[in-house]
Every structure is written in structure tokens, then in C-alpha cells.
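The values are calculated or read from the model by the stated rules, or taken from the named source; none is laboratory data. Since this is a predicted model, take the numbers as computed values, not measurements. Cβ sites come from the backbone with ideal geometry, for glycine too, and all protein chains shown count toward neighbours.
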Amino acid sequence: MKLILLDVDDTLYPKGAGPFNLVSGKIDEYVMSWCDIGIEETRTLRKRYVDTYGSTLGGLMRHHEVDPDDYLEKVHDVPVEDLLHRDERLKKIISGIGHDMVVFSNGSVDYVRRVLRSLDVIDLLGDLFTIEFMDYVPKPRVYPYRKLLELYGASPGECVLVDDRLPNVLTARDMGMKAVLVGADASIPGVAAIPDIYSVAEIAF
Ligand SMILES: [Mg+2]
């Protein structure tokens, strides 16, 4: 069997064209308000938490008693439907993949559903493995990859990760998965790079 793990943000739509940048702005707002600090301090804190715990949320849960569901709801409160629209070409590409697929995203399940609905591919991608199912430990940490493999009873050699972020792709590669980096022409050992998701058809899964 083959299992294709598909990232969402900046993978299923062109980098920077979608709501993802706005989510980052909302995270700044959340941290500033919750921790009562300014933007400079917020950036420093976010960087430290991402380096230490894999995400801003990880640090906020550990040190600031943040409720993850409240956080996820507020930071994903962005106008997804205004930014993303039905993409016939994407639908065709995803339909043509011809393997089992699971959406593997650090976003919240509600947010990811909105993105997939806006692109009109939600009917093609039924299985969603989002941050809630990762126990809030995001990619590129190994933990969510392992949890996903266990859930699907799959070995790394049966999996292909398609993602726009190099650290996420490198974790997959180092675990023995096939790794596809979207939106780059970089030449990295053990990583297949494609300029955009439409080129995924050229990958021999
Ligand atoms: Mg992404």
C-alpha cells in the first residue's frame, strides 16, 4: 500500500496566496494580549517556544495555561473563504493521485475543513490528521508522524509526505518516508522538489 500525507497551507495553494500569513498575525495578537507584552517581546517568545516545543502553542500551554481549543479558534479566525476558491486543476490532480491520502496539517480541524471546502477538494480528502490528533505536538516533530503511522498501521516506507516546509520534509525523509518538497527547486539529497502541487503528477509514487 501507499499512503500520501498531504500538507495544506502553502502546499495546496500557492505560497503566500492563502490565509496562512494571516494566521501568523493572529498568533502575534493572541500572545500580545494573553501575555500582556509588546510585539518585539512576542516575536522573541514565539521563536523560543517554536525552538523548544515545536510551536508557539506548545509554550503557551506549558507556561501560560492557555486552553488549546480557545487558542486554535482565535488564531484561525481569518477570512479563508475570501482568499481561496474552487480550483479545478487541483481537483483533477488530487483525483489522479490514485492512492490513499490523509491530510496532515498543523492547523485546527475546523480551519483545515474551511480551507478544503473553499478549494472544493473536501470530498476528495476525507481523512484529516490535524493538530488536535497530534496532541498539539506539530510537524516537524517526529511524534505526530509516528502517531499517524501507528493509526494507519503503515510503515514509513509506504508513506509519501508532500509539504512546502523543508523541516517537515526532512523529518519524513529521515524516518524513511518518501519526501516531496512543494514550491522549491532546491536540490536536497533524498528529497524530490516540485515547483507547485500541480507538478505532483510527475512524481512516481
Ligand atoms: Mg504548509
- Query: If you take the residues in region 3-43 that are over 30 Å from ALA204 (Cα atoms) and β-branched (Val, Ile, Thr), which one is modelled with the lowest pLDDT?
  - Reply: VAL23
- Message: Could you check region 95-111 and list, in sequence order, the residues that are among the aliphatic types (A, V, I, L, M) and either over 16 Å from ILE4 (Cβ atoms) or free of Cβ contacts under 8 Å to residues at least 60 places away in the same chain (or both)?
- Response: VAL109
- Message: Tell me yes or no: at least one residue of region 48-65 is modelled with pLDDT of 95 or more and in a loop (DSSP other than H, G, I, E, B).
- Response: yes
- Out of all the residues in region 78-86, is one or more on the phi > 0 side of the Ramachandran plot and either of a type in the set (A, V, I, L, M, F, W, C) or in contact (Cβ under 8 Å) with a residue 60 or more places away in the chain (or both)? no
- Specify the residue that is surrounded by the fewest Cβ atoms within 10 Å (Cβ to Cβ); the eligible residues are those in region 159-199 that are farther than 24 Å from ARG146 by Cα and under 18 Å from the mean Cα position of the chain (by Cα). PRO195
- Mind checking which residues of region 161-176 are within 16 Å of the ligand (Cβ to nearest atom) and of a type in the set (A, V, I, L, M, F, W, C)? LEU161, VAL162, LEU166, VAL169, LEU170, ALA172
- Task: Among what's in region 178-197 and is within 16 Å of the ligand (Cβ to nearest atom) and not in a strand (DSSP E or B), pick the residue that is farthest from GLY98 (Cα to Cα).
- Result: ALA186
- Mind checking which pairs have a first residue in region 2-26 that is more than 11 Å from the ligand (Cβ to nearest atom) and a second that is charged (D, E, K, R) and not in a strand (DSSP E or B), Cβ under 7 Å, 6 or more apart or different chains? LYS2/GLU158; LEU3/GLU158; PRO14/ASP196; LYS26/LYS74; LYS26/ASP77
- Which one of these is of a type outside the set (D, E, K, R), under 20 Å from GLY16 (Cα atoms) and touching a residue at least 12 places away in the same chain (Cβ under 8 Å): TYR198, TYR145? TYR198
- Query: What tally of residues in region 66-102 results from selecting those that are crowded, with 18+ Cβ neighbours inside 10 Å and in a loop (DSSP other than H, G, I, E, B)?
  - Reply: 6
- Under the condition of being surrounded by 15 or more Cβ atoms within 10 Å (Cβ to Cβ) and among the hydroxyl-bearing types (Ser, Thr, Tyr), which residue from region 11-33 is nearest to the chain's Cα centre (by Cα)? THR11
- Filter pass, MET61 being surrounded by 13 or more Cβ atoms within 10 Å (Cβ to Cβ) and more than 16 Å from the ligand (Cβ to nearest atom): yes
- Has region 148-160 got any residue that is within 15 Å of the ligand (Cβ to nearest atom) and in the same structural domain as VAL8 (by TED's automatic domain parsing)? no
- Options LEU45, LEU124; residue that is of a type outside the set (Val, Ile, Thr), in the same structural domain as VAL142 (by TED's automatic domain parsing) and either touching a His at 6+ places or on another chain (Cβ under 9 Å) or away from the ligand (no atom under 16 Å from the Cβ) (or both): LEU124
